[in-house]
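> After the structure tokens below, expect a handful of questions from me.
The values are calculated or read from the model by the stated rules, or taken from the named source; none is laboratory data. Worth saying up front: this structure is predicted, and the values here are computed from it rather than measured. For neighbour counting, all protein chains shown are included, and Cβ atoms are generated from backbone atoms with ideal geometry for every residue, glycine included.
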Ligand code: SAM
């Protein structure tokens, strides 16, 4: 259920040390958020590539989020730093997940300007018009995402549903705090591994691949503003 008691009242009430024990005391909070992360393919792909970056998945389905939690725990155990005296955290210590309805509780987890990347990968399409309000991108929700993203941070969206692609792109284009950024520019900034994972690493993305479906990518930058 979405009962409020299941959720932290605010980001500073989240016990990040429980999520990322190897980073306890560093003051770090998640920098990448995967909204509707499903089975966690993106997070698992990116964790070893950016070992110092904390990453958080949000997933509403209880069993799916439990699966991801177990998957991360297993990866942490089997990849434990061979040299116990090494100060470096082992791989996958930087990745975690919460079971949460991101449409209601995203701001309860992620502080202002804390994120450098937010991912909406193959979100549920909610085809019918009367269901569009259930879509994970809307003007109200974009304000929350923009608040959590630091200036210069990137929103990554991808879908195999053209109508949803146009919906997400239009809403992001029309929102004053975001500007479109093309793939070439992002690759020139060293974000190629992120883009590759966005296209290829998620379970849904692999399914689309197997079915030879199209993948529509759209990325946006959180703009810098003088006064906020
Ligand atoms: N991103 C993953 C991928 O590419 O494989 C999963 C895609 S799946 C089609 C959409 C996921 O979003 C589902 O796992 C669903 O449970 C989750 N989801 C839908 N609405 C959500 C919400 N309000 N908050 C969190 N997760 C949500």
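> What tally of residues in the stretch 175-228 results from selecting those that are away from the ligand (no atom under 16 Å from the Cβ) and either part of a helix (DSSP H, G or I) or in contact (Cβ under 8 Å) with a residue 60 or more places away in the chain (or both)?
So the answer is 14.
> Report, by residue number, each residue of the stretch 129-151 that is surrounded by fewer than 18 Cβ atoms within 10 Å (Cβ to Cβ), under 16 Å from the mean Cα position of the chain (by Cα) and outside any helix (DSSP H, G or I).
150 - this is the single residue of the stretch 129-151 that is surrounded by fewer than 18 Cβ atoms within 10 Å (Cβ to Cβ), under 16 Å from the mean Cα position of the chain (by Cα) and outside any helix (DSSP H, G or I).
> Is it true that residue 172 is assigned to a helix (DSSP H, G or I), more than 11 Å from the ligand (Cβ to nearest atom), over 26 Å from residue 9 (Cβ atoms) and touching a helix residue (DSSP H, G or I) at 6+ places or on another chain (Cβ under 8 Å)?
yes
> Does the stretch 32-51 include one or more residues that are under 18 Å from residue 8 (Cβ atoms) and in a helix (DSSP H, G or I)?
Checked the stretch 32-51: no residue is under 18 Å from residue 8 (Cβ atoms) and in a helix (DSSP H, G or I).
> Give me the pairs: first residue in the stretch 121-136 and more than 16 Å from residue 172 (Cα to Cα) and away from the ligand (no atom under 12 Å from the Cβ), second residue in a loop (DSSP other than H, G, I, E, B) and modelled with pLDDT of 85 or more, beta-carbon distance under 8 Å, and six or more apart or on different chains, which are they?
Cβ pairs passing all conditions: 127/161.
To keep it simple, each residue is scored yes or no on (1) under 19 Å from residue 200 (Cα atoms); (2) surrounded by 20 or more Cβ atoms within 10 Å (Cβ to Cβ); (3) within 7 Å of the ligand (Cβ to nearest atom); (4) without any contact (Cβ under 8 Å) to a residue 24 or more places away in the chain.
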{"position": "25", "(1), (2), (3), (4)": "no, no, no, yes"}
{"position": "28", "(1), (2), (3), (4)": "no, no, no, no"}
{"position": "51", "(1), (2), (3), (4)": "no, no, no, no"}
{"position": "57", "(1), (2), (3), (4)": "yes, yes, no, no"}
{"position": "64", "(1), (2), (3), (4)": "no, no, yes, no"}
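> So which of 194, 158, 154 ends up being in contact with a strand residue (DSSP E or B) (Cβ under 6 Å, 6 or more places away or on another chain), buried (at least 18 other Cβ atoms within 10 Å of the Cβ) and over 22 Å from residue 112 (Cβ atoms)?
158
> Within the stretch 106-120, does at least one residue satisfy the condition of being on the phi > 0 side of the Ramachandran plot and surrounded by fewer than 17 Cβ atoms within 10 Å (Cβ to Cβ)?
yes
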